[in-house]
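J.: Just dropping this structure here.
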Amino acid sequence: MQRSHELFERARQHIVGGVNSPVRAFTGVGGEPPFIARAEGPYLYDEDGKRYVDYVCSWGPMVAGHAHPEVVRAVQETAAHGLSFGAPTELEVRMAEKLKAMLPSLERVRMVNSGTEATMSALRLARGHTGREKIIKFRGCYHGHVDALLVQAGSGALTLGIPGSPGVPEAVVEQTITLPYNDPEAVRECFGRMGDEIAAVIVEPVAGNMNCVPPVPGFLEALRECCDDHGSVLIFDEVMTGFRVGVQCAQGRYGITPDLTCLGKVIGGGMPVGAFGGKADIMASLAPEGPVYQAGTLSGNPVGMAAGIANLSLVDTPEVHRSLEEATATLIDGLRERAQAAGVPVSFNQAGSMFGVFFTDKAPVTTFEDVQACDLEAFKVFFHAMLDEGVYMAPSAFEAGFLSTAHDTPAIEQTLAAAEKAFARVAS
Ligand code: PLP
């Protein structure tokens, strides 16, 4: 790790914490991050030449594996024609058509540059459309670093133990109601008290920022019912789950249709791309058709559109998702066997090619409290043992794992051999 160490030292002199997104600094697990030189298929290669089987997949986008030739070719060919025009392009139309063909609830869409922009804009749209200000979010869910949503958030904020954030005005978060995830009764009770003041409910339909917690039966149904009864906008934040947990995202998997959907990650194939969309009458409130303002100099960027369309085209059939899900189940079964053999209590969750490993004897893990009760020290030992053995898991106990179509049998076997040693280290 000599070169990574030197780069981290240099980075810390110039970049806050040495990283451009907090979780990358390994604060949640200790130690120093490897600096990545390149990636291909299921593997990352660090600056010291070490190879890792990668279960972070750039935090989700690389569903077809790293540097997929078709995505790389689309980027190279498009870049040769110019990087940005600030004017409409055919690629934006093709992206919108592709998204709509894959996800029927998207009657109209708007492209943005990140997941954060997607949730921020969807929230403004829901408020502008309903003329209401209050929103509901769920504890442990993360929707990007939007002021109004940075309350009891998961992901990096949870990893660093930050309940909110200095710099977020009180007046903004006063309009944010936080409720427990997977608790339909809490939602009904809240709507019973103030349903007609609620502009929107925003939810990760599979929570992926407090590790991986799928919805319990009846939870998403209750959200749909309450929003329908009170004229509130139901927003599914599918930035992580979109085209990841199924060919029609979480909404197809669980059979609940939101009013608005936020997307990111997979739809950019590794480029900075996000989108939001949904019911035509709500989307018509957006500028230039309506009064709710939203814009972006680089939104719909041609290179991003080309990468995204190519990435989506690699995962646009049910068969691809079925085989991703099978590979993920094979991995989890193998991990479970090895944990049991070592006598380490571990519980697993899975939704498509997203998975969660929890150091607890509670199974299944369904709530934020369950996640918080897990053994963090055991996770840290496991994480570092896996890293030593050439397996790169998320450097936080509060992040989901991801597989790609490139995770083949040799990659999974290497992972399981590493896990045997890692669980033994946890047990010792
Ligand atoms: N929403 C969810 C569910 C996410 O997982 C994330 C990022 O991890 C975001 C929103 C924010 O996306 P970005 O980091 O692209 O701003």
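J.: Going residue by residue through region 374-381, is there one that turns out to be of a type in the set (A, V, I, L, M) and closer than 22 Å to residue 1 by Cβ? Reasoning before the result, please.
T.: So the first thing to find is which residues in region 374-381 are of a type in the set (A, V, I, L, M), and the list is 376, 378, 381.
Within this subset, residues satisfying the condition of being closer than 22 Å to residue 1 by Cβ are 381.
Yes.
J.: Scanning for something free of Cβ contacts under 8 Å to residues at least 60 places away in the same chain and of a type in the set (Ser, Thr, Tyr), does region 400-414 turn up at least one residue?
T.: Within region 400-414, one or more residues are free of Cβ contacts under 8 Å to residues at least 60 places away in the same chain and of a type in the set (Ser, Thr, Tyr).
J.: Cβ-Cβ below 6 Å, separation at least six or inter-chain, first residue in region 329-358 and not assigned by TED's automatic domain parsing to the domain that holds residue 210, second of a type in the set (Ser, Thr, Tyr): which pairs?
T.: Taking only residues 6 or more apart or on different chains, the pairs are 347/360; 350/328; 353/328; 355/328; 358/347.
J.: Do we find that residue 70 is over 24 Å from the mean Cα position of the chain (by Cα) and either β-branched (Val, Ile, Thr) or at pLDDT 95 or above (or both) in this structure?
T.: In short, no.
J.: Taking region 123-156 as the search range and keeping residues that are within 12 Å of the ligand (Cβ to nearest atom) and within 18 Å of residue 230 (Cβ to Cβ), which one is surrounded by the most Cβ atoms within 10 Å (Cβ to Cβ)?
T.: Selected residue: 137.
J.: If you don't mind, another one. Taking the condition crowded, with 22+ Cβ neighbours inside 10 Å, within 21 Å of residue 266 (Cβ to Cβ) and away from the ligand (no atom under 16 Å from the Cβ), does residue 74 pass? Before the answer, list the steps.
T.: Values: crowded, with 22+ Cβ neighbours inside 10 Å: yes; within 21 Å of residue 266 (Cβ to Cβ): yes; away from the ligand (no atom under 16 Å from the Cβ): yes.
So residue 74 fits the description; yes.
J.: Among the numbered conditions (1) surrounded by fewer than 15 Cβ atoms within 10 Å (Cβ to Cβ); (2) over 16 Å from residue 270 (Cβ atoms), tell me where residue 69 comes up short.
T.: Here residue 69 meets the rest and fails (2).
Here is a yes/no grid of residues against (1) part of a loop (DSSP other than H, G, I, E, B); (2) over 15 Å from residue 100 (Cα atoms); (3) away from the ligand (no atom under 11 Å from the Cβ); (4) in the same structural domain as residue 199 (by TED's automatic domain parsing):
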residue: 222; (1), (2), (3), (4): no, yes, yes, yes
residue: 241; (1), (2), (3), (4): yes, yes, no, yes
residue: 252; (1), (2), (3), (4): no, no, yes, yes
residue: 258; (1), (2), (3), (4): yes, no, yes, yes
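J.: Moving to a separate point now. Out of (1) touching a helix residue (DSSP H, G or I) at 6+ places or on another chain (Cβ under 8 Å); (2) within 23 Å of residue 146 (Cβ to Cβ); (3) in contact (Cβ under 8 Å) with a residue 60 or more places away in the chain; (4) within 16 Å of the ligand (Cβ to nearest atom), the odd one out for residue 246 is which?
T.: Here residue 246 clears every test but (2).
J.: Could you say whether any residue in region 264-280 is at pLDDT 95 or above, more than 28 Å from residue 63 (Cα to Cα), in contact with a strand residue (DSSP E or B) (Cβ under 8 Å, 6 or more places away or on another chain) and more than 16 Å from the ligand (Cβ to nearest atom)?
T.: Yes: one or more hits.
Here is a yes/no grid of residues against (1) under 20 Å from the mean Cα position of the chain (by Cα); (2) touching a residue at least 24 places away in the same chain (Cβ under 8 Å):
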residue: 7; (1), (2): no, yes
residue: 18; (1), (2): no, no
residue: 25; (1), (2): yes, no
residue: 53; (1), (2): yes, yes
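J.: Next question, about the same structure. Taking region 13-27 as the search range and keeping residues that are outside any helix (DSSP H, G or I) and within 18 Å of residue 394 (Cα to Cα), which one is nearest to the ligand (Cβ to nearest atom)?
T.: 21
J.: To continue, here is another question. Which one of these does residue 285 not meet: (1) in the same structural domain as residue 100 (by TED's automatic domain parsing); (2) over 28 Å from residue 61 (Cβ atoms); (3) out of contact with any helix residue (DSSP H, G or I) (no Cβ under 7 Å at 6 or more places or on another chain)?
T.: Residue 285 satisfies all of (1) in the same structural domain as residue 100 (by TED's automatic domain parsing); (2) over 28 Å from residue 61 (Cβ atoms); (3) out of contact with any helix residue (DSSP H, G or I) (no Cβ under 7 Å at 6 or more places or on another chain) except (3).
J.: Moving on. Determine which single condition residue 299 fails, assuming it passes every other condition in (1) surrounded by fewer than 22 Cβ atoms within 10 Å (Cβ to Cβ); (2) polar (S, T, N, Q); (3) over 20 Å from residue 144 (Cα atoms).
T.: So the condition that residue 299 fails would be (3).
J.: Look through region 182-203, keep the residues that are of a type in the set (A, V, I, L, M, F, W, C) and either under 16 Å from residue 239 (Cβ atoms) or outside any helix (DSSP H, G or I) (or both), and return whichever of them is farthest from the ligand (Cβ to nearest atom).
T.: 198
J.: Which is within 16 Å of the ligand (Cβ to nearest atom) and either assigned to a helix (DSSP H, G or I) or at pLDDT below 95 (or both), of 307, 329?
T.: Working: 329 fails: within 16 Å of the ligand (Cβ to nearest atom).
It is 307.
J.: Would you say residue 28 is at pLDDT below 95 and either at positive phi or assigned by TED's automatic domain parsing to the domain that holds residue 331 (or both)?
T.: Yes; evaluated as a whole, the condition is true for this residue.
J.: Which of the following residues is closer than 25 Å to residue 247 by Cβ and in the same structural domain as residue 335 (by TED's automatic domain parsing): 61, 22?
T.: 61
J.: Just the residues that are outside any loop (DSSP other than H, G, I, E, B) and either in contact with a His (Cβ under 9 Å, 6 or more places away or on another chain) or surrounded by fewer than 24 Cβ atoms within 10 Å (Cβ to Cβ) (or both), please, taken from region 204-219.
T.: Of everything in region 204-219, just one residue is outside any loop (DSSP other than H, G, I, E, B) and either in contact with a His (Cβ under 9 Å, 6 or more places away or on another chain) or surrounded by fewer than 24 Cβ atoms within 10 Å (Cβ to Cβ) (or both), namely 219.
J.: State which residue pairs qualify: first residue farther than 15 Å from residue 120 by Cβ and inside region 223-239, second residue within 16 Å of the ligand (Cβ to nearest atom) and of a type in the set (S, T, N, Q) in any location, beta carbons under 9 Å apart, and separation of 6 or more residues or different chains.
T.: Matching pairs, first to second residue: 236/251; 236/261; 238/251; 238/261.
The values are calculated or read from the model by the stated rules, or taken from the named source; none is laboratory data. Because the structure is predicted, anything quoted here is derived from the model rather than measured. Backbone-built Cβ (ideal geometry, glycine too); neighbour counts: all protein chains shown.
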